[in-house]
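The values are calculated or read from the model by the stated rules, or taken from the named source; none is laboratory data. None of the values given here were measured: they were computed from a predicted structure. Cβ placement follows ideal geometry from the backbone for every residue including glycine, while neighbour counts extend to all protein chains displayed.
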Amino acid sequence: MNSQRSWIVCCFFNFLIASVMGLLMRFLYLFPLKSINYAYLLHAHSHVAMLGWAYLMIYVLVVYFFIPKSKSEKPIYNQLFWITEFSVIGMMISFPIQGYALFSIVFSTLHILLSYIFCWLIWRDCSTRKVDEKMLLLTAILFMVFSTFGVWSLGPIISILGKQSSFYQIAIQFFLHFQFNGWFLFAVLALFLAQFKNKIVISKFKTFWILLILATFFTVAFPVSWYVKSSVLKVINTFGVLFQLLSFVYFYKMLKLQINEFKTNLDSTAKWVYGLAVCSLFLKIGIQLLLIFPAFAEVSHQIRNLVIGFIHLTTLGIITGFLLGILIQNKLLPSESIWFKIGIKFFFLGYVLTEIVLFLQGLFFYKKLGLLFGYYESVFLVSVFIVIGLMLMITSIMGKKKSSIDTEFDTYLL
């Protein structure tokens, strides 16, 4: 089962490259380089982070938890992973050079088509005794496919209305919203529920599930309201945010009886990684509640620092937090290694400090207080922690016995 170990290593290298690109973007604010196009680099950073790290790591864990060994060992899963990685490398190279152009569009389109194959395989081969996690996973897959409608609509929109059209921006926001709040979030929650061995109260789960689906559809009204001024959209978003809050109240009630037992089986690293992921999740919900108020909603998308901070809250705090927690809990990462422990602390220290600096600067702009003293230097330096943390984690993963990760996969799948 050497393939699974190489999958994990590959995902972390993608994550490191995306982080180095992010660091370089912050370096460009201090020392502009005419040879590097910032916008092109931004496209590369976001695509590699989303599709090379989050998507592929979810791929790895979904195969691990939901596909029986007899099926996961078929060549199709390994071949599909590496062809998908090929498309990521294509985006990694083409986006910094040309931005959205022929080759980057070809590789992006290839990734979408490959994701459809992955969805079909999971729908066909998924096997679990627990209804709750299966429902969440299949919902995640449907959201993933649904999100791509936004991408496919870009061509007709450009040809008919042009790139300056509001519909062009709405199509992009549609894709991003249902990727992050649909596909990624539902998949991560399915994987998280797979860590709870006892059955949950199905009535509470169904209430949580329905509320979260409604919230996901209703809250797309918020990014749409940036381009279409309508009081109806604000009302729809308000209901969506309230549904989201209620859904996670039921999520807690659903797991309340198992939480203590769940925590006792975690090592200290897994505990605080999960804790940080949960805190990030509720901070995200809290921010969305604030955005119900018009004064905050109007400036939320206009202040770039707040937008970046919110995106990183979702990607680094929630999605990455839960993924790392699951990996550590299942001994798929060398959490006993001193270098890994230092690396993951560096990574999350960088994440937390970056969020503080970004949101503080956003607050300063909101209050019209101008630029924080040493802002660009600070955000660059704290971002270095993220890159160093990932480098240390990769070093410890590479140093772990080759057979140990594979043994964990074999043990689970048997």
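Tabulated results
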quantity: Failed condition for SER383, given (1) in contact with a Lys or Arg (Cβ under 7 Å, 6 or more places away or on another chain); (2) closer than 21 Å to CYS10 by Cα; calculated: (2)
quantity: Pair list, Cβ under 6 Å, 6 or more apart: segment 244-272 residue over 18 Å from LEU189 (Cβ atoms), other residue buried (at least 19 other Cβ atoms within 10 Å of the Cβ); calculated: THR269/ILE328; THR269/SER335
quantity: Single condition ILE285 does not satisfy, out of (1) surrounded by fewer than 17 Cβ atoms within 10 Å (Cβ to Cβ); (2) touching a Ser or Thr at 6+ places or on another chain (Cβ under 8 Å); (3) under 30 Å from PHE196 (Cβ atoms); calculated: (2)
quantity: In segment 17-58, residue surrounded by the fewest Cβ atoms within 10 Å (Cβ to Cβ) [restricted to those that are under 28 Å from GLN79 (Cβ atoms) and aromatic (Phe, Trp, Tyr)]; calculated: TYR55
quantity: Helices (runs of 4 or more DSSP H) wholly inside segment 1-101 that include at least 2 residues being in contact with a His (Cβ under 6 Å, 6 or more places away or on another chain); calculated: 2-30, 75-98
quantity: Segment 284-306 residues that are without any contact (Cβ under 8 Å) to a residue 12 or more places away in the chain and of a type outside the set (Phe, Trp, Tyr), paired with ones that are surrounded by 14 or more Cβ atoms within 10 Å (Cβ to Cβ) and in a helix (DSSP H, G or I) (beta carbon under 7 Å, 6 or more apart); calculated: LEU290/PHE296; SER300/LEU306
quantity: Residue list for segment 223-233, filter: over 19 Å from PHE184 (Cα atoms) and either aromatic (Phe, Trp, Tyr) or in contact (Cβ under 8 Å) with a residue 12 or more places away in the chain (or both); calculated: VAL224, SER225, TRP226, TYR227, VAL228, LEU233
quantity: Filter result for SER335 (in a helix (DSSP H, G or I), under 27 Å from MET398 (Cβ atoms) and in contact (Cβ under 8 Å) with a residue 60 or more places away in the chain); calculated: no
quantity: Hits in segment 102-113 - residues which are surrounded by 19 or more Cβ atoms within 10 Å (Cβ to Cβ) and either at pLDDT 95 or above or not in a helix (DSSP H, G or I) (or both); calculated: PHE107, SER108, HIS111
quantity: Residue match in segment 376-383 (condition: within 19 Å of the chain's Cα centre (by Cα), within 30 Å of GLU73 (Cβ to Cβ) and modelled with pLDDT of 95 or more); calculated: no
quantity: Residue, farthest from LEU23 (Cα to Cα), within segment 64-96, restricted to residues that are at pLDDT 95 or above and of a type in the set (Val, Ile, Thr); calculated: ILE83
quantity: Helices (runs of 4 or more DSSP H) wholly inside segment 161-237 containing at least 2 residues that are modelled with pLDDT of 95 or more and under 18 Å from the mean Cα position of the chain (by Cα); calculated: 166-177, 185-193, 202-218
quantity: Residue count for segment 344-369, restricted to those that are surrounded by fewer than 22 Cβ atoms within 10 Å (Cβ to Cβ), part of a helix (DSSP H, G or I) and not hydrophobic (A, V, I, L, M, F, W, C); calculated: 4
quantity: Flag if LYS271 is in contact with a helix residue (DSSP H, G or I) (Cβ under 8 Å, 6 or more places away or on another chain), of a type outside the set (Ser, Thr, Tyr), surrounded by fewer than 18 Cβ atoms within 10 Å (Cβ to Cβ) and under 28 Å from ILE344 (Cβ atoms); calculated: yes
quantity: Test: PHE262 is under 20 Å from GLN169 (Cβ atoms) and in a helix (DSSP H, G or I); calculated: no
quantity: Neighbours by Cβ (under 8 Å, 6+ apart or cross-chain): first from segment 91-120, free of Cβ contacts under 8 Å to residues at least 12 places away in the same chain; second buried (at least 16 other Cβ atoms within 10 Å of the Cβ); calculated: ALA101/SER94
quantity: Selection status of ASP132, touching a residue at least 24 places away in the same chain (Cβ under 8 Å), under 22 Å from GLN179 (Cα atoms) and surrounded by 14 or more Cβ atoms within 10 Å (Cβ to Cβ); calculated: yes
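Every residue, every condition in (1) over 18 Å from the mean Cα position of the chain (by Cα); (2) hydroxyl-bearing (Ser, Thr, Tyr); (3) more than 26 Å from ALA171 (Cβ to Cβ); (4) surrounded by fewer than 17 Cβ atoms within 10 Å (Cβ to Cβ), yes or no:
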| residue | (1), (2), (3), (4) |
| --- | --- |
| PHE95 | yes, no, no, no |
| TYR116 | yes, yes, no, yes |
| ARG124 | yes, no, yes, yes |
| SER127 | yes, yes, yes, yes |
| SER153 | yes, yes, no, no |
